[in-house]
Structures are given as C-alpha cells and as structure tokens.
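So the structure is just underneath, and the comments pick up after that.
The values are calculated or read from the model by the stated rules, or taken from the named source; none is laboratory data. The model shown is predicted, which means the values in this text are computed figures rather than measured ones. Positions of Cβ are generated from backbone atoms using ideal geometry, with glycine treated the same way; all protein chains shown enter the neighbour counts.
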Amino acid sequence: MPEGDTVLQTAGRLRTALAGQVLTRSDLRVPRFATADLTGRTVLDVVPRGKHLLTRVEGGLTLHSHLRMDGAWRVYAPGERWRGGPAHQIRAVLANAEHTAVGYRLPVLELLRTRDEAKAVGHLGPDLLGPDWDPDTALRNLLAVPGRPLGEALLDQRNLAGIGNVYKSELCFLARATPWLTVGDLAALTATRLVTTAKQLLEANRDRPLRTTTSTAPRGPAPKERLWVYGRRGRPCLRCGTPIRTADQDSRPTYWCPRCQSGPTH
Ligand SMILES: [Zn+2]
C-alpha cells in the first residue's frame, strides 16, 4: 500500500504536469463518470490528503482518487510510450499540450464538487505531511481504543493519515513493541515518541526516491540497509542479529524482531 510520502510525491508530479494548464483531454474510464468531460478547464491544484489525491479543476470540481494497494499515476511527454500497465488497467487520462497524466488501477475515482471534498477525506485524522498536522490529536486518536493492536491503530487513517504497511512495521520496531501489543499497554512516553518518530520519518522521506527509515538525515548517502524490518524476513535484525519474523496482520504482511520488540505475536 502506498505510504503518505508516495502520495505526496505523486501529487507533486501531477501538480507540475497539470496545474495552471488547460486540459485538452479528459477520459475517466469508470462507468459512473464515463461521460464527464473536463476538457477546456484549467487544473488549479493537486493536493494530497493522507493517501488521497485531490485534483482541483476550474469550475468548482475535484477529481478524487486513491491509490490503495497498487494504483499509480504516471506522467508522460507527448509521443512517449505509456508503460504503467496494460490498457485495461487505465482508469483516467488527463492531458494538456505538454503532459499526459495516466491513472492506473485506481480503486477510487470520482468527480466531486470541490466544496464537498470533506465527504471524501473529512474522516481522516491529522495528516502527517499535511498543513493540518496535529500530534496531540493524532496521539489521542491512536490511543482511543485501549484494546486495539498497535499495528491496526497505526494503519487506521481515521487516527492519523499517511502510514502504510512499511511504516507500520518500522514504527513498531522503533517503538520496541510488536504490532499486536495493544495500544493500552504502550507506555505513555513510548506512545508520544512514536507519533514524533512517525512525523520525522515521513518528513525525512518527503522528497526521497527510495524510502529509508534507518537514516533520517534528509540528504547524504543512502544507508546500506534502508529499512529496519520490513521485507527482511529471516535476515538478521540490524540491532541484535535475531532473524526477523513475518506474519499477517489484517491479511497484510507485517515484520518484527522477536527479541527487540515485546508484546504478543499474532
Ligand atoms: Zn532485534
């Protein structure tokens, strides 16, 4: 699942390609909006909200999309070959004279009135990379249901927006808690630090092409191992050498070090 930083970078690329320019092509390949035509309208802005993308168009309209598991927006120059996937996976095409943006495998694609954006994204908690970031509210939301496993609470975008599967595993490692430890069993200081760390990690990766959690220096050489535990099944923990374990939580793979992290395991 894309993380908040991926969505932010996608929004940046779409904004560069589309904002301030008149659309010369608009093709929404979902039944409900197949006849909608945005041609002739100027794209005003492309705004990320958590893992949602809001493409605002002249005339008070917003094209809302969500990448969910493997959706993507790609930007192409005129004449360039589209390589984001087979044609039947294309859900949207927006183009101006210089750029064509193609949305692949978008599970959510809908046209809204801009003033109704809250209906699509109003349920989100504070956005780790957004102007509304509010650590106190995020922390309160995260701890609201004491019996909830930490991994689930971190992924719930209503608590705080922007954490996907990779950051979930990494943050649990950094908090030294398994993803199954209930938030009620998290020490107060650990919980506060976890929210601060989440913000630092996403900020550090805001513009990075390759996500890393093992180095938070925004520039400088990439570390040899970019992630502490995610995707490292059976390989030695970077802290203690114990083989990293993996299991599903909510049917998505989660990774942890059985020695560094305490708490129940699935
Ligand atoms: Zn370890």
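For the residues Leu227, Leu238, the requirement of being part of a loop (DSSP other than H, G, I, E, B), under 17 Å from the mean Cα position of the chain (by Cα), within 14 Å of the ligand (Cβ to nearest atom) and crowded, with 18+ Cβ neighbours inside 10 Å singles out Leu227.
Taken together, the criteria place Pro126 among residues that are out of contact with any Lys or Arg (no Cβ under 9 Å at 6 or more places or on another chain), surrounded by 12 or more Cβ atoms within 10 Å (Cβ to Cβ) and more than 19 Å from Asp45 (Cα to Cα). Of all residues in the range 49-65, those that are more than 13 Å from the chain's Cα centre (by Cα) and without any contact (Cβ under 8 Å) to a residue 60 or more places away in the chain total 10. Being more than 30 Å from Gly122 (Cβ to Cβ), hydroxyl-bearing (Ser, Thr, Tyr) and in contact with a strand residue (DSSP E or B) (Cβ under 6 Å, 6 or more places away or on another chain) holds for only one residue in Thr265, Thr178, and it is Thr178. When we screen Thr39, Thr16, Thr10 for residues that are farther than 30 Å from Gln249 by Cα and touching a Leu at 6+ places or on another chain (Cβ under 7 Å), the only hit is Thr39. Within the range 102-111, the set of residues being within 14 Å of Arg56 (Cβ to Cβ) and touching a helix residue (DSSP H, G or I) at 6+ places or on another chain (Cβ under 6 Å) comprises just one member, Leu111. Tally the residues that are aliphatic (A, V, I, L, M), out of contact with any Gly (no Cβ under 7 Å at 6 or more places or on another chain) and not in a loop (DSSP other than H, G, I, E, B), restricting the search to the range 122-159. The number of residues fulfilling the criteria is 6. Of all the listed residues (Arg25, Arg29, Arg68), the sole one being touching a residue at least 60 places away in the same chain (Cβ under 8 Å), within 24 Å of Ala87 (Cβ to Cβ), within 20 Å of the chain's Cα centre (by Cα) and not assigned by TED's automatic domain parsing to the domain that holds Asp250 is Arg68.
Against the test of being of a type outside the set (D, E, K, R), out of contact with any strand residue (DSSP E or B) (no Cβ under 6 Å at 6 or more places or on another chain) and under 16 Å from Gly4 (Cβ atoms), the options Leu143, Leu171 yield a single qualifying residue, Leu171. Just to verify a result, which residue in the range 241-254, among those that are within 11 Å of the ligand (Cβ to nearest atom) and either in contact (Cβ under 8 Å) with a residue 12 or more places away in the chain or farther than 17 Å from Thr214 by Cα (or both), is surrounded by the most Cβ atoms within 10 Å (Cβ to Cβ)? Across the range 241-254, the extreme among qualifying residues is Ile244.
Quick check, is Leu94 of a type in the set (A, V, I, L, M), surrounded by fewer than 18 Cβ atoms within 10 Å (Cβ to Cβ), in the same structural domain as Asp27 (by TED's automatic domain parsing) and in contact (Cβ under 8 Å) with a residue 24 or more places away in the chain? So Leu94 fails the test. For Asp45, the conditions (1) surrounded by fewer than 19 Cβ atoms within 10 Å (Cβ to Cβ); (2) under 13 Å from Leu109 (Cβ atoms) all hold with the exception of (2). The residues of the range 160-202 that are of a type in the set (S, T, N, Q) and assigned to a helix (DSSP H, G or I), listed by number, are Asn165, Ser169, Thr190, Thr192, Thr196, Thr197, Gln200.
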